Amino acid sequence: MAVNSLIAGPLNFQDVVNTLTLLLSLFLILVGLWKLRPTYWLYTAVSQLIFLMGHWEGEQLHSMVRYSLVLFPNMIVLALITRRRWASSVVLFVFALLQMVLLGLFVRWVWVA
Amino acid sequence: MALRWALSVYLIARVLASVWAAAAVSVAPINVPYVGHPVYETIHQAYPHHSPLFDLLLGVWFRWDTGWYIKVALQGYHPSDGSVAFAPLYPLLIRSVGGLLGGEYLLAALLISNVALVVGLALLYKLVSLDFSESVARRTVVYLVVFPAGFFLLAGYTESLFLCFAVLALYAARRSNWMLAGVAACLASLTRLQGWALALPLAYEAFRGNGGSPLRTWPALLAVAGGADRYSII
């Protein structure tokens, strides 16, 4: 499973981004238990489980940051817990910065996800 | 309101991503790892009428899996080249729309995913608005597009098409339109493997919203059937 390879292998930039994405996703899924209708929570939890069951030799949490895009209920939870302007500004700044880096790598034929 | 917000967010993201992508490829020569690979060879079929401006605006999006989807669209599946990892609906649409566009398959791939993104974002806005305020709906849409991998929604990848069908399935289920929910879930399963994940929430929604009738869970079964059908096609 993906988690096994994460523990076993060395980390690179993509692995760090994928790991942080997974941790954020797990946190939002947990918070979603209280914040979301069970329908959405079920969709996110089952999808996340499917992603974690994948195994790609030598690649840790393969493309987790891209796969997480379809976990849209997580974005609802994030929107709910960042009602204050400063909190949403922090989220937008960090997300935008990471997207600029990843997009810059992607269009230069560097594998990002 | 939902469509206007979705369109506004999309247009801003589209312009910023295109400018940033063009700038990133302009700073230094690129080492293309796919040269000589069967997927990269489809680049001449993917956009046959290119110019320097076309390269800068569209060519920068011919990357990685986009080549695979276009290869499957043009040449179909082959048992030993790795193409079976890519679900059939998106390549099928690329082939159809690309034919209508006179063989501009990269343009077709981008057009499909971008239209799906706008529709998906508008549906997401409406879905969130069922339970929460408009400001939460607006923030949700923005967060999704600005998410670190959000540019894949603008690229020739399946994320935006899947998102569109998945949100449509859940929105239709919330409105008790079970036929639409089932069809959308089936199409999601034909777009990405994890469409199967819609089966459980749809079954729950049907069971909860209709007096616990197990007969109402058929949309969920259709979602699974869509996924199974994908493999039978391959």
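Please treat every number below as a calculation from the coordinates, not as lab data. Here the structure is a predicted model, which means the values were calculated and not measured. A quick note on method: Cβ atoms are made from the backbone with ideal geometry, for glycine too, and the neighbour counts reach across all protein chains shown.
Structure above, values below:
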item: Selection status of residue A:64, in contact with a helix residue (DSSP H, G or I) (Cβ under 8 Å, 6 or more places away or on another chain) and within 16 Å of residue B:166 (Cα to Cα); result: no
item: Within segment B:90-189, helices (runs of 4 or more DSSP H) holding 3 or more residues that are charged (D, E, K, R); result: B:134-146
item: Matching option when the condition is within 12 Å of chain A (Cβ to nearest Cβ), closer than 21 Å to residue A:108 by Cβ and buried (at least 22 other Cβ atoms within 10 Å of the Cβ), among B:123, B:154, B:144; result: B:154
item: In segment B:41-69, residue farthest from the other protein chains (Cβ to nearest Cβ) [restricted to those that are of a type in the set (Gly, Ala, Ser) and under 21 Å from residue B:28 (Cα atoms)]; result: B:51
item: Selected residue [in a helix (DSSP H, G or I) and touching a Leu at 6+ places or on another chain (Cβ under 8 Å)] from A:92, A:78, A:97; result: A:78
item: Residues of segment A:25-54 satisfying the condition of being touching a residue at least 40 places away in the same chain (Cβ under 8 Å) and of a type outside the set (Val, Ile, Thr); result: A:25, A:28, A:32, A:35, A:36, A:51, A:52, A:53, A:54
item: Top-ranked residue in segment B:8-39 [being without any contact (Cβ under 8 Å) to a residue 12 or more places away in the chain and away from chain A (no Cβ under 12 Å); ranked as nearest to residue B:67 (Cα to Cα)]; result: B:36
item: Among the candidates B:137, B:109, residue that is under 16 Å from the mean Cα position of the chain (by Cα) and surrounded by 15 or more Cβ atoms within 10 Å (Cβ to Cβ); result: B:109
item: Filter result for residue A:29 (closer than 23 Å to residue B:192 by Cβ, of a type in the set (Val, Ile, Thr), under 12 Å from the mean Cα position of the chain (by Cα) and in a helix (DSSP H, G or I)); result: yes
item: Test: residue B:97 is without any contact (Cβ under 8 Å) to a residue 40 or more places away in the chain and β-branched (Val, Ile, Thr); result: yes
item: Residue in segment B:75-83 that is in a helix (DSSP H, G or I), crowded, with 19+ Cβ neighbours inside 10 Å and touching a residue at least 12 places away in the same chain (Cβ under 8 Å) present; result: yes
